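Everything on this sheet refers to the single structure shown next.
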Amino acid sequence: MGLEKLTKNVPLSSLETVILQDLIALIESGQKLGIRELATRNYTSTTTIIRLAKKLGYRGFTDLYYGLQRQLGHGSDDAVAEEVPFLDGFCTQVQGIRSQYEPIRRLAQTLHSQKRMMVYICGMGFSSFPADYFSKKLMVQGIKCIFSGAEETVAIFESNLEDIGLFIAVSRSGETAKVLERVRLARQQQIPIAAFTAQPDSTLAHLSDIVLVMGDNEQLDDRNINPCYFFAGILLQMELVIRELQNETPPDAP
């Protein structure tokens with residue numbers, strides 16, 4: 001089958017053509033390769049591959065892979081099989097928590113040491129839901145929390161600066177302007193900062209003392225339309241922080 005038919009005559013750059021040809025060759029040979037391995041093979045980034053998939057009308061790399069597989073006659077009609085890479089990818093991300101468990105333990109220790117102080121938790125948009133959940137989870141542990149979403153002004157944060165012992169930010173991109181505004185204020189006041197983000201090289205990550213990273217398989221989906229690992233993953237990390245916090249605190253402690 002010609003490349004033009006597979007791409008529906010969408011114009012591609014030379015790099016995009018090489019990536020697509022490599023992926024087709026892998027499918028034809030029966031090899032399975034993840035997006036990171038494909039990026040490494042072609043000396044490019046996962047973002048470039050995701051952009052290529054979107055350019056060709058697919059939701060992401062997995063959708064592109066199985067779309068090409070079907071067109072090349074190597075696909076399965078089993079809809080469940082298409083979801084396996086997503087589940088495998090999520091499981092891989094969860095397994096990765098083991099290798100970066102230290103930030104979870106450090107956050108629990110910091111929460112324990114700051115237990116008599118106020119914890120300020122901030123998240124905007126979809127990130128406000130796990131941020132709100134974590135604030136409630138901490139409150140039932142006996143930790144005082146202030147949760148801030150998109151509707152609160154920075155004045156609420158400023159008026160409580162003297163009482164805040166820890167700032168926790170949740171931002172998938174790590175570049176949310178309203179979150180970073182508060183983070184920079186916290187940094188000026190020498191308040192410890194912890195971050196849940198998908199981007200370890202983001203502004204938020206660089207400004208934070210403790211960074212908990214969860215992979216994001218849909219980095220370009222800023223409207224959060226497609227299934228992604230990030231939010232489910234950080235909820236799991238939050239539960240692990242609670243577990244470690246309880247290990248730090250004896251059952252009969254005040």
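The values are calculated or read from the model by the stated rules, or taken from the named source; none is laboratory data. For clarity, every value in this text was computed on a predicted model and none was experimentally measured. Heads up, the Cβs are rebuilt from the backbone with ideal geometry, glycines too, and the neighbour counts pull from every protein chain shown.
Annotations
- Among the residues of region 117-150, those identified as over 19 Å from ARG243 (Cα atoms) and either more than 25 Å from the chain's Cα centre (by Cα) or not assigned by TED's automatic domain parsing to the domain that holds VAL179 (or both) are MET117, MET118.
- For ALA198, the test of being in the same structural domain as HIS112 (by TED's automatic domain parsing), over 21 Å from TYR133 (Cα atoms), surrounded by 19 or more Cβ atoms within 10 Å (Cβ to Cβ) and modelled with pLDDT of 85 or more is failed.
- Checking each residue in region 20-33 for being in contact with a helix residue (DSSP H, G or I) (Cβ under 6 Å, 6 or more places away or on another chain) and either β-branched (Val, Ile, Thr) or at pLDDT 90 or above (or both) picks out only ILE27.
- Pick from region 119-150, criterion among the polar types (S, T, N, Q) and buried (at least 20 other Cβ atoms within 10 Å of the Cβ), ranking: nearest to LEU204 (Cα to Cα): SER127
- Residue check for ALA39: in contact with a Ser or Thr (Cβ under 7 Å, 6 or more places away or on another chain), of a type in the set (Gly, Ala, Ser), without any contact (Cβ under 8 Å) to a residue 12 or more places away in the chain and under 25 Å from ALA198 (Cα atoms): yes
- Candidates ASP163, ASP222, ASP216, filtered to the one that is within 20 Å of SER135 (Cα to Cα), free of Cβ contacts under 8 Å to residues at least 60 places away in the same chain and of a type in the set (Asp, Glu): ASP163
- Pairs, first touching a residue at least 60 places away in the same chain (Cβ under 8 Å) in region 56-69, second polar (S, T, N, Q) and surrounded by fewer than 21 Cβ atoms within 10 Å (Cβ to Cβ), C-beta under 8 Å, six or more apart: ARG59/ASN226; GLY60/ASN226; PHE61/THR46
- The C-beta contact set for region 124-137 (first residue without any contact (Cβ under 8 Å) to a residue 24 or more places away in the chain, second residue buried (at least 18 other Cβ atoms within 10 Å of the Cβ), distance under 6 angstrom, 6+ apart or interchain) comprises ASP132/PHE147; SER135/ILE121; SER135/CYS145; SER135/PHE147.
- Residues in region 34-83 that are basic (Lys, Arg) and at pLDDT below 80 were compared, and the one that is nearest to VAL10 (Cα to Cα) is ARG59.
- Within region 153-172, if we keep just the residues that are surrounded by fewer than 19 Cβ atoms within 10 Å (Cβ to Cβ) and touching a helix residue (DSSP H, G or I) at 6+ places or on another chain (Cβ under 9 Å), the residue that is modelled with the highest pLDDT turns out to be GLY165.
Each row is one residue, and each column tells you yes or no for (1) exposed (fewer than 14 other Cβ atoms within 10 Å of the Cβ); (2) on the phi > 0 side of the Ramachandran plot; (3) among the polar types (S, T, N, Q).
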| residue | (1), (2), (3) |
| --- | --- |
| GLU4 | yes, no, no |
| LEU12 | no, no, no |
| LEU20 | no, no, no |
| ILE27 | no, no, no |
| GLN31 | yes, no, yes |
| ILE35 | no, no, no |
| THR40 | yes, no, yes |
| SER45 | no, no, yes |
| THR48 | no, no, yes |
